[in-house]
1. Going by the structure shown, is LEU147 within 17 Å of GLY83 (Cα to Cα), modelled with pLDDT of 95 or more and not in a loop (DSSP other than H, G, I, E, B)?
2. Just checking, how many residues over region 25-52 are of a type in the set (Lys, Arg), over 16 Å from the mean Cα position of the chain (by Cα) and surrounded by 13 or more Cβ atoms within 10 Å (Cβ to Cβ)?
3. Taking ASP55 and the conditions (1) in contact with a strand residue (DSSP E or B) (Cβ under 9 Å, 6 or more places away or on another chain); (2) surrounded by fewer than 11 Cβ atoms within 10 Å (Cβ to Cβ), which numbered condition does it fall short on, given that it satisfies the others?
4. Residue check, GLU65 against (1) under 16 Å from the mean Cα position of the chain (by Cα); (2) closer than 21 Å to ALA141 by Cα, all met but one. Which one?
5. Just to confirm my filter: which helices (runs of 4 or more DSSP H) fall fully inside region 1-86 and include at least 2 residues that are modelled with pLDDT of 95 or more and more than 20 Å from PRO103 (Cα to Cα)?
6. Exactly one of these conditions fails for THR104: (1) touching a helix residue (DSSP H, G or I) at 6+ places or on another chain (Cβ under 7 Å); (2) polar (S, T, N, Q); (3) closer than 19 Å to GLY67 by Cβ. Give me its number.
7. Pick from region 94-107 the residues that are crowded, with 16+ Cβ neighbours inside 10 Å and in a helix (DSSP H, G or I): which of them is nearest to the chain's Cα centre (by Cα)?
8. Take ARG57 and decide whether it is closer than 13 Å to LEU138 by Cα and under 14 Å from the mean Cα position of the chain (by Cα).
Amino acid sequence: MTDLTDELHLPDHDSVLDQAIPFDKVRWMLLLPDATWWPAELDACPTPERWPRVDRRTVFTIAREAGTTTGNRHLLVAALVWGTGTKAQSVHRRGKISANTSPTGLDACLDAALGVLGEEGAVQAYRALNNDQRIPYLGAAFFTKVLYFAGTASSSRSG
């Protein structure tokens, strides 16, 4: 009997971690509350063509620092960058997140939701970000990326 992974041609763990998305730092920097929100790890991403490319492995590395204000901010930005790509309209839409919520408001919601993630799990963290800790313009398509990276990084730290 063949392994289901082989039968479905699923990528191996390293292939998943190597999945990379191009990004345009200049567009992002114009939309962030200030330059301190930009994770330095993104500046070290390879640039094989026109744009640098951030892979999952890098976002997981950034997520390991979540739990502090700066770490949470960097995780949010890295997850947004990884999930958005280079299209100006898509980046502009993600920029509405910080344009419509104060940095302290973003910090409070992220801190609370990531605390729920660590204490109660992903379902409750999803509920938090979808309700009491809702961040305008940060919908489920992107806050689940934040939870995915934070939750996986957190479980790799503790185990």
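The values are calculated or read from the model by the stated rules, or taken from the named source; none is laboratory data. Predicted model only: the values in this text are computed from it and were never measured. Here the Cβ positions follow ideal geometry from the backbone for every residue, glycine too, while neighbour counts run over all protein chains shown.
1. So LEU147 fits the description; yes.
2. Qualifying residue count for the region: 1.
3. Among (1) in contact with a strand residue (DSSP E or B) (Cβ under 9 Å, 6 or more places away or on another chain); (2) surrounded by fewer than 11 Cβ atoms within 10 Å (Cβ to Cβ), the lone unmet condition for ASP55 is (2).
4. Answer for GLU65: the failing condition is (2).
5. On the way: elements: 4-8, 13-17, 25-29, 56-63, 69-84.
The helices (runs of 4 or more DSSP H) meeting that bar are 56-63, 69-84.
6. (1)
7. Looking at the filtered set, the residue picked out is ARG94.
8. no
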